[in-house]
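Data first, discussion second: the structure below is written as structure tokens.
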């Protein structure tokens, strides 16, 4: 069975698409077969990212390792069993299509609570939750006091992950490896930054996730999207000398993959 990676966060703007595409492309470059499914049926950012990549490859005639993109198959309502949800059937059908020939399946969830996202979380072997480095986004995981020091209770999203874990336990599946990564962390040493780090450490022990490094705020990510490229493609497209920012960003990707500790993956770029 393929190892399923779910990238989930119910708030937009946390860099989910960037994380999804870089993880998927990095795994492709490391020789692993990976299928990608975008569940954001409205924005389809990851699906468009892959389309941009395919268009760039066709124009440039470059052979860039790439993930395989899939879409939710249509299902005729009359084929549903009594009480069966159509989105459950569509997602199950997509997984059935993707598993043969792929070691990994990456599912990018929308920045909102949907039935598809809920079910996808219950399928996750590895769950990646990108989080902007602010208490506005921390509220996604838990409610915290006005001083940013005391956890008052879990959020709706954390409870959804808990429910997903319960469903997996009932089905006899292994627990979800939940990794929360901090994106857009500022370079300066600030009080808010330290409070965020301390709060995440407290919460990780309470509700059961690991923390990992994400991506700093960099212009390069916005420049890569229209061509469907990632940091690992720069030398292939003729960038002979990487600047300090690009080198640092590659190191962040390397550390992220090491933190995820995916089965059979040796990070050697």
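The values are calculated or read from the model by the stated rules, or taken from the named source; none is laboratory data. Source: prediction; values computed, not measured. Cβ sites come from the backbone with ideal geometry, for glycine too, and all protein chains shown count toward neighbours.
Some notes on this structure:
- If you filter the stretch 99-110 down to residues that are part of a loop (DSSP other than H, G, I, E, B) and touching a helix residue (DSSP H, G or I) at 6+ places or on another chain (Cβ under 7 Å), you find that the one that is modelled with the lowest pLDDT is 110.
- Candidate set: the stretch 136-161, residues that are at pLDDT 80 or above, touching a helix residue (DSSP H, G or I) at 6+ places or on another chain (Cβ under 7 Å) and not in a loop (DSSP other than H, G, I, E, B); chosen: the one surrounded by the most Cβ atoms within 10 Å (Cβ to Cβ): 161
- Considering the stretch 174-191, the residues that are touching a strand residue (DSSP E or B) at 6+ places or on another chain (Cβ under 7 Å) and either part of a loop (DSSP other than H, G, I, E, B) or loosely packed, with under 10 Cβ neighbours inside 10 Å (or both) include one that is modelled with the lowest pLDDT, namely 184.
- Residue within the stretch 75-83 that is modelled with pLDDT of 95 or more and either assigned to a loop (DSSP other than H, G, I, E, B) or more than 21 Å from the chain's Cα centre (by Cα) (or both) present: no
- Scanning the stretch 251-269 for residues that are surrounded by fewer than 19 Cβ atoms within 10 Å (Cβ to Cβ) and out of contact with any strand residue (DSSP E or B) (no Cβ under 7 Å at 6 or more places or on another chain) yields 251, 254, 258, 261, 264, 265, 266, 267, 268, 269.
- Any hit, the stretch 114-121, residues being in contact with a strand residue (DSSP E or B) (Cβ under 8 Å, 6 or more places away or on another chain) and touching a residue at least 12 places away in the same chain (Cβ under 8 Å): yes
- Taken as a whole, the condition of being farther than 14 Å from residue 9 by Cβ, modelled with pLDDT of 90 or more, over 18 Å from the mean Cα position of the chain (by Cα) and in a helix (DSSP H, G or I) does not apply to residue 116.
- Screening the candidates 203, 127, 131 for the property of being touching a strand residue (DSSP E or B) at 6+ places or on another chain (Cβ under 7 Å), buried (at least 17 other Cβ atoms within 10 Å of the Cβ), at pLDDT 85 or above and farther than 18 Å from residue 16 by Cβ yields one hit, 203.
- Tally, over the stretch 216-245, of residues that are crowded, with 16+ Cβ neighbours inside 10 Å and more than 21 Å from the chain's Cα centre (by Cα): 1
- Of the residues making up the stretch 22-57, those that are out of contact with any strand residue (DSSP E or B) (no Cβ under 6 Å at 6 or more places or on another chain), surrounded by fewer than 18 Cβ atoms within 10 Å (Cβ to Cβ) and in a loop (DSSP other than H, G, I, E, B) are 31, 33, 41, 42, 43.
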